[in-house]
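Okay, so here's the structure we're looking at.
The values are calculated or read from the model by the stated rules, or taken from the named source; none is laboratory data. Nothing here was measured: the structure is a model prediction, and the numbers come from that model. Ideal geometry is used to build each Cβ from the backbone, glycine not excepted, and the neighbour counts take in all protein chains shown. The protein model used for the area step is the full one, side chains on, heavy atoms only, and it has no ligands, DNA or RNA in it. Shrake-Rupley method; radii C 1.70, N 1.55, O 1.52, S 1.80 Å.
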Amino acid sequence: MTVDSTAARKPRGGKRAGAKKPAGGPDQPELVQLLTPEGERVGHPDYAIDVTPGELRGLYRDMVLTRRFDGEATTLQRQGELGLWASLLGQEAAQIGSGRATRDDDYVFPTYREHGVAWCRGVDPTNLLGMFRGVNHGGWDPNENNFHLYTIVIGSQALHATGYAMGVAKDGADSAVIAYFGDGASSQGDVAEAFTFAAVYNAPVVFFCQNNQWAISEPTEKQTRVPLYRRAQGFGFPGVRVDGNDVLACLAVTKAALERARTGQGPMLVEAFTYRMGAHTTSDDPTRYRRDEERELWEAKDPILRLRRHLEREGYADEEFFAALEAESDALAKRVRDTVRTMPDPEDTAIFENIYADGHALVDEERAQFAAYQAQFADEESN
């Protein structure tokens, strides 16, 4: 995949091919779009990208398998196998497009919903489930795939990413950092502080905001008076809004933003304008605060259906391809079910491991207290 690396240097205004008005009213700003909801390719002067049929099929496979994994995890939670799950339903294009834009030596700081990005970084999907089942702290080595552990605290990973990017710059490394967060997290002080440090130190970091329209039950219009991507201007670096249901646009924009960061031009904010089709988490009921008509409007912009229409329109995929992918999807779902149900329970004191690299006296004291508490029950059973 090739993309014009100069695209992100100076976002331009004005109507042009590929700049579309998103749903939400005529006052909404234009966004970068390369693939319409009908599956038609459109050009864009700032973000040209050349993708082969094989690469298009690969992106489609990524999104289909990610959605199947996500759906399986939701079902497992409903069956009592997971304590909680945060679904990415509807956000596959934003995650796969941006995830495939990264290089192996880039470093990714996710929230708790970046299952598609984890897939792109080579993290086994089943490793994502341990934390939600309560058997580990995360389940993977962050440095093995340059993919940090999931961050539950809203917005804090933006500061972690900025600090890491500042270190990358001081080391003189030819790599970039990308931080993911949602529209709700953009209201957090940690994100504002990250923007400040990134701008002042010209850190090689891309802030990727998935604006899925809802911060749990709070709509975006209750969080900001201006489009989120314009916030970057006040901190001194560029921002751009991309069609978050268009995997090609997300790929092209993120690729250009990362290249901009690598070449010493500093941070950039990418706002992926998308929609959370499901609940915030499995403990949430979105029917209490949003209308069915709104969801139906966004279903028509489904990112997977959009790319499938393009593949079929151009003759890039046949029924054999789709059938084989469905079989692969079924196999993945079975592996996920089998793995979750056979995950061993951790040792009682495992929660105290990997807290400090060199150990800590207070943690040792707490471990001893907890072990003594647990021993009481063993004594009672023996008596």
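For the reader, a short list of remarks on this structure follows.
- When DSSP beta bridges are restricted to pairs lying wholly in the chain, around 25% turn out antiparallel.
- Ratio Rg/Rh [Cα only; Rh per Kirkwood] for segment 73-228: 0.97
- Computed over segment 91-173, the P(r) curve from all C-alpha pair distances, binned at 5 Å from the origin, holds 3, 15, 24, 26, 20, 9, 3, 1 percent per bin.
- Accessible surface for segment 70-133, divided over its residues, is 27 Å² per residue with a 1.4 Å probe.
- Gap separating the Cα centres of segment 139-212 and segment 308-383, nearest whole Å: 25 Å
- The residues neighbouring Ser217, those whose beta-carbon lies less than 14 Å from its own, together hold a net charge of -1 under the Lys/Arg +1, Asp/Glu -1 convention.
- In the chain, taking the dipole from charged Cβ atoms about the Cα centre, the farthest positive-side position among Gln157, Val363, Leu251 is held by Leu251.
- Separation between Cα centres of segment 262-285 and segment 220-236, rounded to whole Å: 14 Å
- Among Val177, Val242, Val153, the largest mean-square fluctuation in a Gaussian network model of the chain (Cα springs under 10 Å) belongs to Val153.
- Positive contributions from Lys and Arg (+1) and negative ones from Asp and Glu (-1), summed over other residues with Cβ under 12 Å from the Cβ of Arg335, come out at -1.
- For segment 200-266: rounded, prolate or oblate by the Cα gyration tensor [a/c cutoff 1.5]: oblate
- Portion, in percent, of the accessible area of the chain that falls on carbon or sulfur, probe 1.4 Å: 48 percent
- Amide proton proximity set for Trp214, modelled H, under 5 Å, gap of 5+: Arg276
- Each residue of segment 196-210 is assigned a 3J(HN,Hα), and the resulting list reads 4, 5, 4, 5, 5, 9, 6, 6, x, 10, 10, 9, 10, 9, 8 Hz, derived from the Karplus form 6.51 cos²θ - 1.76 cosθ + 1.60 (θ = phi - 60°), x at Gly and Pro.
- Label sites at Phe377 and Asp105, each approximated as a point 7 angstrom past Cα along Cα to Cβ, lie 5.0 nm apart.
- Equivalent-ellipsoid semi-axes of segment 34-105, from the Cα gyration tensor, Å, largest first: 30, 14, 11
- A Gaussian network model of the chain, with springs between Cα atoms under 10 Å, assigns the largest mean-square fluctuation among Asn354, Asn202, Asn146 to Asn354.
- With a Cα cut-off of under 22 Å and a minimum spacing of 8 residues unless on different chains, the lysine pairs in the chain number 8.
- The trypsin sites (Lys or Arg not before Pro) of segment 173-235 that DSSP puts in a loop, and whose beta carbon has at most 13 other beta carbons within 10 Å, are Arg225.
- Per-residue [θ]222 nm for the chain (sum of -39500 (n - 2.57) over DSSP H runs n ≥ 4, rounded to 500): -13500 deg cm²/dmol
- Among Thr281, Thr75, Thr52, the largest mean-square fluctuation in a Gaussian network model of the chain (Cα springs under 10 Å) belongs to Thr52.
- Across segment 362-371, rounded Karplus estimates of 3J(HN,Hα) from the backbone phi angles (6.51 cos²θ - 1.76 cosθ + 1.60, θ = phi - 60°) give 5, 5, 4, 5, 5, 4, 5, 5, 5, 4 Hz, Gly and Pro being marked x.
- Student exercise, the chain dipole from Lys, Arg, Asp, Glu Cβ charges, in Debye to nearest 20: 1960 debye
- Converting phi to 3J(HN,Hα) with the Karplus coefficients 6.51, -1.76 and 1.60 and the offset θ = phi - 60°, segment 307-319 yields 6, 4, 4, 5, 4, 6, 4, 8, x, 8, 8, 10, 5 Hz in sequence order, with x at every glycine or proline.
- Space enclosed by the convex hull of the alpha-carbon atoms of segment 203-326, per residue, Å³: 153 Å³
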